[in-house]
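Peer 1: Below are the structure tokens for one structure; questions will follow.
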Amino acid sequence: MLARFFLILSFFSAALSLGAETRRPLKPEDFAAIRDVDEPNLSPDGQSVAYVVGTVDLKKDKQPKNLWLAKWDDSENRALTFGDNAQTHPRWSPDGKWIAFLSSRTDESDNDQLWILSSAGGEAEKLTTEKGSVDDFAWSPESKRIVLVVHDPDPRQPEAKEKEKKTVPPIVIDRFQFKEDITGYLTNRWSHLKLLDLASRKIESLTSGEHDDGLPSFSPDGRQIAFVSKRGDNADRTENWDIYLIEPKASAKERQLTTTLEADAHPEWESAPAWSPDGKTIAYIHG
């Protein structure tokens, strides 16, 4: 319902901005005035909503996305970030003190990194400097740890200072699934889980291997992480995604919870594993 509300708000805002003038046929530049409202995330106390506003800057030929904060009682609606690139995936910490998000700002390779911002406002702080991109993340219940989904770096990508000097190497195809929408050519890159401790800023790897792991979700007591993975002798040749459990520590070994033989829809098209409040059950969509 919340997502539907923001979708209606997006179209309503666009209609107001265009309808305030005398009626006339739409022009191409009118579409640049439409703002996209996306990714609403409700605060733990239910009083505020963090969300993403996408705009178009025709002069700079860019499509910036920035975070906004709105009070549920309509007493406040303000921008939290300002920039020409994309700030996405706003997620409240369970204690309501922080909003974490993804952005490629200041990253020379244009990879998304994890940032954190006080819910009261102020400057955002960069939490990760991964060579690959941070694709997703989830807070722990006590707001002291964050599990990351990190995509391996592109080995063909030269360092920033060498970009103008080197010719990009040819693409070598040696795997069945060689390309993916948005990501492009995959080469031998995979997505795995890492754990960030906020107090020490230390990052530890949780999973590895020639397969993709994603959609992590902490258990209510913070002792387990459920996630989705597609594994097997050749994971590229199957669409069989299963649920796994792992303890949030570097030496932990994952445990497979489900075993299905038939193909699934990609989990990101459905939903992440969802824990019951008592931590005894995990709900997920299959098929």
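Peer 1: Among the aspartates and glutamates, which fall within straight-line cross-link reach of K60, defined as a Cα-Cα distance under 13 Å, with same-chain neighbours fewer than 8 residues apart omitted?
Peer 2: The reachable aspartates and glutamates, counting only those whose Cα sits under 13 Å from K60, are D84.
Peer 1: 7 Å from Cα along Cα→Cβ at both D73 and A32: what's the point-to-point distance in nm?
Peer 2: 4.0
Peer 1: Provide the packing ranking of 48-56, 204-212, i.e. peptides ordered by the mean count of other C-beta atoms within 10 Å per residue, highest first.
Peer 2: The most tightly packed comes first, giving 48-56, 204-212.
Peer 1: Using the alpha carbon gyration tensor of segment 53-93, what are the three equivalent-ellipsoid semi-axes (square root of 5 times each eigenvalue), largest first, in whole Å?
Peer 2: 23, 12, 7
Peer 1: Which length gain, in nm to one decimal place, applies between I285 and N188 when the Cα-Cα distance is subtracted from 0.36 nm times their residue separation?
Peer 2: 32.1 nm
Peer 1: Tell me the label-point distance for the pair E125, E142, using the 7 Å Cα-to-Cβ offset, in nm and rounded to one decimal.
Peer 2: Once both label points are built, they end up 1.8 nm from each other.
Peer 1: With a 10 Å radius around each residue's Cβ, average the other Cβ atoms per peptide and rank 128-141, 22-35, highest first.
Peer 2: Result, highest mean first: 128-141, 22-35.
Peer 1: Still on this structure: Mind scanning K62/K97; K71/K202; K131/K249 and naming the pairs with a C-alpha gap bigger than 23 Å?
Peer 2: K62/K97; K71/K202
Peer 1: Just grab the label-to-label distance for D152 and R237, each label 7 Å out from Cα along the Cβ direction, in nm (one decimal).
Peer 2: Result: 1.9 nm between the two label points.
Throughout, read-outs are computed from the coordinates displayed, never taken from laboratory work. As the structure is a prediction and not an experimental result, all values here were calculated from the model. Methodologically, a virtual Cβ is constructed for each residue, glycine included, from the backbone with ideal geometry; neighbour enumeration extends over all protein chains shown.
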